Each structure stands twice: as C-alpha cells, then as structure tokens.
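These notes concern the structure reproduced below.
The values are calculated or read from the model by the stated rules, or taken from the named source; none is laboratory data. The model shown is predicted, which means the values in this text are computed figures rather than measured ones. Cβ: placed from backbone, ideal geometry, glycine included. Neighbour counts: every protein chain shown. Ligands, DNA and RNA are stripped out before the accessible areas are found, and what is left, the full protein with its side chains, is counted by its heavy atoms. Shrake-Rupley method; radii C 1.70, N 1.55, O 1.52, S 1.80 Å.
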Amino acid sequence: EVAKVFEYANEFFETLLGRGISLRPEFGSVNDLVAGKPPQILARDQSSGGWADLEQMSATEQRWAKVAIFLAWHRRPVGLLDEEEREWTARTHAAHLDGSLILLIDEPELGLPLAIQRRLSRGLVEISKALAIPVVVATHSSALLDDLAVSTYRCGRNENGEATLSE
C-alpha cells in the first residue's frame, strides 16, 4: 500500500510540473519504527540518477513533492487496510467528498520558470477535476492568472479596511 501511495505521488508530481520524479520511502530499523521515527523520503536526482534525501533537493522540488504525497495519501487504496483503518478512511474520504478537503497554495510560482508555471496551472486544474477538490491559490503570476480554465478573483480592501473579493 505504501508503494501505491508513492506511485500516485510520482504521478501527481508529473501532472503538476510536467516532469517526472521518483519518490520512495526508506524505513529505518525496527527500533526506529517502534520509537515512531518517520521514514526518510528519497528522491531520484535527475542529474546523477542516484537517490538523495528529499531535504537535499531544491526548495521547489521539496514543496511540490510534499504536495504530491499529500494528494496521494488522500487517494490511497483501501483494500489492504484493517477494519479500523477502513472506517477511518471511509470517514476521511466522506469528508473529502463533502467538500471539506481544499488545497490552498500560496505563491505556487515560486522557483518556477514561466513555462513550468503554465504547466502548473494546467496540472492544478487536472488534479482539481480528478480528485473533485477545490484548489485555491494566492498568486501574482500572469501565467496562472491568465489561464482561461480557472476562475480568477481579486482580494483587496475597501476604504473601511474590510477585505473584499471580486471576480
């Protein structure tokens, strides 16, 4: 099941940024697991082909890999879960389906060239549709704002200092 989550995460990363990444967990010793130490997330380095700790990758790669893992976790299969986990998954997926799961991203364009920003805009739309979740971004990027497939709103303040939202 863990392998499936990371398979989904790799797919989501590619959907978002238009290029692949290979992510995988590396679990420590049994003592580490008993102590509650989380697994290390490894990513394949595109230039060397070797595996590196995700924390050694660029801040942009780390950010989007973490988003991809988050999305994959919410899409994970339930076939191998025990009864308690199945009930939890049913509750969280039911909550997800009733609109309580929202992906909020501040300045998604950070660290991305313009062409990748355009790809990211399409990828966010694809993921929003595939998972039936709203995606809300705060951005100044023209590549994201000019995408006709998204609804664009301006957030500002009126003369009384109150927040306003206009299409």
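Which residue is farthest from GLU126 (Cα to Cα), if the candidates are limited to region 140-161 and must be open to solvent by less than 40 Å² (accessible area, probe 1.4 Å) and either outside any loop (DSSP other than H, G, I, E, B) or in contact with a Lys or Arg (Cβ under 7 Å, 6 or more places away or on another chain) (or both)?
That would be GLY156.
Of all the residues that make up region 11-23, how many are surrounded by 21 or more Cβ atoms within 10 Å (Cβ to Cβ) and of a type in the set (S, T, N, Q)?
Looking only at that region, the number is 0.
Filter region 141-150 down to residues that are within 20 Å of the chain's Cα centre (by Cα) and modelled with pLDDT of 85 or more and give me whichever is nearest to GLU109 (Cα to Cα).
The qualifying residue nearest to GLU109 (Cα to Cα) is SER141.
Name the pairs whose Cβ atoms lie under 8 Å apart, with the first residue in region 128-139 and over 15 Å from GLN117 (Cα atoms) and at pLDDT 85 or above, the second in a loop (DSSP other than H, G, I, E, B) and not aliphatic (A, V, I, L, M), and 6 or more positions between them or separate chains?
The qualifying pairs are SER128/PRO134; PRO134/GLY99.
Working carefully through the options GLY123, GLY111, find the one that is closer than 22 Å to GLN62 by Cβ, of a type outside the set (Phe, Trp, Tyr), in contact with a helix residue (DSSP H, G or I) (Cβ under 8 Å, 6 or more places away or on another chain) and crowded, with 18+ Cβ neighbours inside 10 Å. Spell out how you get there, then give the answer.
Details: GLY111 fails: crowded, with 18+ Cβ neighbours inside 10 Å.
Every option except GLY123 fails the conditions.
So which residues in region 1-37 are of a type in the set (Ser, Thr, Tyr) and in a loop (DSSP other than H, G, I, E, B)?
SER22, SER29
Just to be sure, is SER47 open to solvent by 60 Å² or more (accessible area, probe 1.4 Å) and closer than 19 Å to ILE116 by Cβ?
Values: open to solvent by 60 Å² or more (accessible area, probe 1.4 Å): yes; closer than 19 Å to ILE116 by Cβ: yes.
Against the criterion (open to solvent by 60 Å² or more (accessible area, probe 1.4 Å) and closer than 19 Å to ILE116 by Cβ), SER47 qualifies.
Tally the residues that are in contact with a helix residue (DSSP H, G or I) (Cβ under 6 Å, 6 or more places away or on another chain) and modelled with pLDDT under 90, restricting the search to region 55-71.
1
Out of all the residues in region 33-55, is one or more among the hydrophobic types (A, V, I, L, M, F, W, C), within 22 Å of LEU144 (Cβ to Cβ) and under 17 Å from the mean Cα position of the chain (by Cα)? Reasoning before the result, please.
Pass one, region 33-55, residues among the hydrophobic types (A, V, I, L, M, F, W, C): 33-35, 41-43, 51-52, 54.
With the extra rule that they be within 22 Å of LEU144 (Cβ to Cβ), the set shrinks to none.
Taking every residue of region 33-55 in turn, none turns out to be among the hydrophobic types (A, V, I, L, M, F, W, C), within 22 Å of LEU144 (Cβ to Cβ) and under 17 Å from the mean Cα position of the chain (by Cα).
With the condition kept exactly as written, say whether any residue in region 156-164 is within 28 Å of ALA59 (Cα to Cα) and in contact with a strand residue (DSSP E or B) (Cβ under 9 Å, 6 or more places away or on another chain).
Filtering region 156-164 for residues within 28 Å of ALA59 (Cα to Cα) gives none.
Checked against the condition, which is being within 28 Å of ALA59 (Cα to Cα) and in contact with a strand residue (DSSP E or B) (Cβ under 9 Å, 6 or more places away or on another chain), region 156-164 yields no hits at all.
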